[in-house]
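Colleague: Mind looking over this structure? Questions follow.
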Amino acid sequence: MDKQTIKASGKNEFIVTMTKLKFSQRKLMQRFFQISSVILGTGFIGGCGREEDASAKREQNGELAGFGDHCDDLSHVNRSEIAKRDIYGYVEKTPYPEYRCDNCSLYIPSEVGEECGGCVLFEGPVYAGGYCDYWAPEA
């Protein structure tokens, strides 16, 4: 760091010492991206395997991967996922016949013989005839 001293003359003399920082824009951006990547990297690493752990726990408790015919059973779904249903405006029966979960691109079809599917937006069973505000046409 370079220091520069400026003297002001006049009635009230004072000395000001200013410090010049030698940071180039390139160096500043490098530091920013290094710190950002460390912060984001630890978040991704910390989150790895949580979904797999939850699936393993469900299988240990005798719950199947599918939801069967129990579309109303949300006992295995955590509160934040249930809250997402309200945020996305999910309803079990669509008010718009042409906009149904089973013709939405975000819908996860049920296994053969099961009434309920799933959704990419939230966990838990989803009625094929349901609807939410984020309905998107199938491609």
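Bear in mind these aren't lab numbers, they're just calculated from the coordinates by the rules spelled out. As the structure is a computational prediction, the values presented were derived from the model and not from experiment. Note: ideal-geometry Cβ built from the backbone for every residue, glycine included; neighbour counts use all protein chains shown.
Colleague: Go ahead and run the numbers for FRET between Gln34 and Ser80, Cβ-Cβ distance against an R0 of 22 Å, rounding to 0.05.
Modeller: 0.10
Colleague: For Tyr99 and Asp73, what does the FRET efficiency come to when R0 = 30 Å and r is the distance between their Cβ atoms, rounded to the nearest 0.05?
Modeller: Calculated transfer efficiency: 0.75.
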